[in-house]
Amino acid sequence: EDRKSLTLTDNPLQQGANRVILLDDIDDRSRSDVSMMPLGLLDTLSHGDILDLMAYIRSAKSGTAPAESMQPDDPGTGNR
């Protein structure tokens, strides 16, 4: 967000998925009390997957995702 516009990301994994909305075009906005994360999502993840997700979210602020968190499971061991 800057002084004139607000940028929304529909899909953070897809380049160019941003939408820019002029602040003059916004009549009203408020903070949602509902999380964007689907209810029960963490229940489907392993402990390691949750830790990887948290590392990825934290890295978004710095702009670099930790490489070890982005590697697929090792099919021989099930480990990352």
Pair ARG3, LEU23: separation of 7 Å Cα→Cβ label points (nm): 0.8
Charge dipole of the stretch 1-53 about the Cα centre (unit charges at C-beta), most positive-ward option of LEU41, LEU8, LEU51: LEU8
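If we count every other residue with Cβ under 14 angstrom of LEU22's Cβ, Lys/Arg +1 and Asp/Glu -1, where does the sum land?
Taking every other residue near LEU22 into account, the sum is -1.
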Protection-proxy order for peptides 46-54, 4-12, 33-41, each taking the mean of Cβ atoms within 10 Å per residue, highest first: 46-54, 4-12, 33-41
Per residue accessible area of the stretch 14-54, 1.4 Å probe, in Å²: 96
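Once the other residues with Cβ under 12 Å from the Cβ of LYS4 are scored (Lys, Arg +1; Asp, Glu -1), what is the net sum? Intermediate results must be reported in sequence, preceding the final value.
Numbers: positive: ARG3; negative: GLU1, ASP2, ASP24, ASP25.
After counting each charged neighbour, the total is -3.
The values are calculated or read from the model by the stated rules, or taken from the named source; none is laboratory data. Since the model is a prediction, treat every value here as computed from it, not as a measurement. Neighbour counts run over all protein chains shown; Cβ positions are idealised from the backbone, glycine included. Note: areas computed on protein heavy atoms with side chains; ligands, DNA, RNA excluded. Shrake-Rupley method; radii C 1.70, N 1.55, O 1.52, S 1.80 Å.
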